[in-house]
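Handing you this structure, nothing more for now.
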There are 2 protein chains.
Amino acid sequence: MKKILITDDDAELRAKLSEILKEAGYLTDEAASGKEALKKAVSDEFDIVLLDLMMPKMSGMDVLAEIKKVRPRTKVIMITAFATVENAVDAVKKGASDYICKPFKIETLLATIGRVLEEIKFEDSANKLDLDYTFSTLSNQIRRNIIKLLGSKAGMRFVEITKELGIEEEHTKLAFHLRMLKETGIIEQDPEKLYSLTKEGEKIMDYLRTIENYILT
Amino acid sequence: MKKILITDDDAELRAKLSEILKEAGYLTDEAASGKEALKKAVSDEFDIVLLDLMMPKMSGMDVLAEIKKVRPRTKVIMITAFATVENAVDAVKKGASDYICKPFKIETLLATIGRVLEEIKFEDSANKLDLDYTFSTLSNQIRRNIIKLLGSKAGMRFVEITKELGIEEEHTKLAFHLRMLKETGIIEQDPEKLYSLTKEGEKIMDYLRTIENYILT
DNA sequence: CAATTCTGTCAATTATTGTTGACAGAATAC
DNA sequence: GTATTCTGTCAACAATAATTGACAGAATTG
């Protein structure tokens, strides 16, 4: 069940939208001001936030920026009565997923929400693949050790690595994991056969460090 | 090759210790003050830091605390001429691995270092097992989704989970992963057959969140 | 009560991962 | 140049993980 936060200073409009969206199968919550919207978006995780630009005090644009900062994965749909191309472009640049002009038809809103939710699905599956790949790479001790080793010292030779890892007797094992890491683009070899982390590899080493510190503390 | 940082304001003693430790097969570096020691320990990762308590300016105890804060896995061996039980207890509480009184025999120092290194080895292997287990659990998409789902909503029934994950047709698959998660103590079931995360599971969900946020940003 | 849905287990099968020994060209040492 | 060490490949095998279909008791519905 997807969660949508409706932000508008017009209580009547909020109530109406809330009713319609609930009928359409969404969970809804309401916020009367930008400040309230921000507060709710931070404390609770919404899939979508509907945000009216022209609200007193905090401008919708600022709220948008703040929400995206704290909840990068929450999608924000801007709603405004005074549409300009500049505003729209600005909003999208700041991370808005879409931009609707008042007055709008309910179908327009529902269609927009549907489209944005499709985007979420797509992004999620892309991220999942990435995570699969990352976690399965990191689920092996030897590979983790290789990554850490090359992270602390770039450009090592084959023997050097076997020695550091204490697996001099099992060099084929090392060759296997090195090949794996090479195929997945985590490490690379220069013409002198020295192994180093790729950019991607450094990123993964960072994840590893993050988690290790997390577990150790 | 293990790296040891020797901290003492007596240059002669430092040089002597450094020579001995190098002969014993260690990499060494020296620091003349607590401040210098802290700086080096932060910028470089040492396995062991030898720390003299009675140094001008920053007290050894403070340096100890700072080092452990930044480098929780670096082991610190305190060395002091004025040993008291209180100091020793205090040092160990603050995270010192051992406590040696001046004057000491070289054999004592080497033995202490050897013992502490053994501890590191032991801790490392324990951590590695933990990491293996964590990563291999997380390397499966379905399990990650189950964990996230139960993290957002504790106490779900079997069908509910299949529906949320969109695998109504493959219920045996879900049963398999649920059993795995149950066996590894990540999730549990109450008498009404509702599934929830265990404490351990919540911890693992935290790791997952950490990494996901890391990857997404 | 009968029918149906829910919550599994189990065994068989398949897919994926990891290990090992045999072998060999390239580089280096002597 | 010869011997030795380094840096692999390859195929066979072993171990582990994941999927699937058949089945069944428990709970719920009607």
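The values are calculated or read from the model by the stated rules, or taken from the named source; none is laboratory data. The model shown is predicted, which means the values in this text are computed figures rather than measured ones. So basically every Cβ, Gly included, is an ideal-geometry build from the backbone, and we count neighbours across all protein chains shown. Accessible surface areas use protein heavy atoms only, side chains included; no ligands, DNA or RNA. Shrake-Rupley method; radii C 1.70, N 1.55, O 1.52, S 1.80 Å.
Just for the Cα atoms in segment B:140-216, what are the lengths along the principal axes, largest first, rounded to whole Å?
Principal axes ranked by extent give 33, 25, 20 Å for the Cα atoms.
Here's a follow-up. Cα-based Rg (one decimal) and Dmax (whole number) for the protein assembly as shown, in Å?
Computed over the Cα atoms of the protein assembly as shown, radius of gyration and Dmax are 28.2, 87 Å.
Further, regarding this structure: Kindly rank A:155-168, A:22-35, B:163-176 from highest to lowest mean number of other beta carbons found within 10 Å of each residue.
Packing proxy ranking, top to bottom: A:22-35, A:155-168, B:163-176.
Taking 7 Å along the Cα-to-C-beta vector as the label spot, tell me the B:TYR214-B:PHE104 distance in nanometres, rounded to one decimal.
Once both label points are built, they end up 3.5 nm from each other.
Same structure again: What 222 nm value per residue comes from the helices of the protein assembly as shown, counting each DSSP H run with n ≥ 4 as -39,500 (n - 2.57) and dividing by all residues, nearest 500 deg cm²/dmol?
-19000 deg cm²/dmol
Between A:MET1 and A:VAL70, what is the label-point separation in nm under the 7 Å Cα-to-beta-carbon projection?
So the label points at A:VAL70 and A:MET1 sit 2.3 nm apart.
Quick one: buried accessible area between A and B, total over both chains, 1.4 angstrom probe, nearest 100 Å²?
2900
Along each of its three principal axes, how wide is the spread of alpha-carbon positions in segment B:79-177, in whole angstrom units, largest first?
Projected onto the principal axes, the Cα atoms of segment B:79-177 cover 74, 25, 13 Å.
Per the Kirkwood treatment, what hydrodynamic radius in Å, one decimal, follows for segment B:167-211 from the mean inverse distance over all distinct Cα pairs?
11.3
Also: In Å², what does the accessible area per residue of segment B:3-125 work out to with a 1.4 Å probe?
So segment B:3-125 comes to 52 Å² accessible per residue, rounded to a whole number.
Inter-copy label distances at B:ALA111, 7 Å along the Cα→beta-carbon direction, one decimal in nm, shortest first?
Here B:ALA111 shows inter-copy label distances of 8.4 nm.
Using alpha carbons only, how many angstrom separate the centre of segment B:84-114 from the centre of segment B:132-166?
If we compute the Cα centre of each part, the gap is 47 Å.
Find every distance from the label point of A:ARG73 to the corresponding label point in the other copies (7 Å from Cα along Cα→Cβ) and write them in nm, one decimal, shortest first.
So the distances to the same position in the other copies read 2.7 nm.
How charged is the neighbourhood of A:ARG209? Take every other residue with its Cβ under 12 Å from the Cβ of A:ARG209, and add Lys/Arg as +1 and Asp/Glu as -1.
Result for the local shell: 0.
If you take the beta carbon distance between B:ALA32 and A:ILE120 as r and set R0 to 56 Å, what does 1/(1 + (r/R0)^6) give as a FRET efficiency, to the nearest 0.05?
With R0 = 56 Å, the Cβ-Cβ based efficiency is 0.45.
In bins 5 Å wide, starting from 0, what share of all Cα pairs of chain A does each bin hold, as a percent?
Pairs per bin, as whole percents: 1, 6, 13, 14, 12, 8, 6, 7, 8, 8, 7, 5, 3, 1, 0, 0.
Highest mean first, what order results for A:2-14, B:40-52 on Cβ atoms within 10 Å?
Ranked from most to least packed, the peptides come out as B:40-52, A:2-14.
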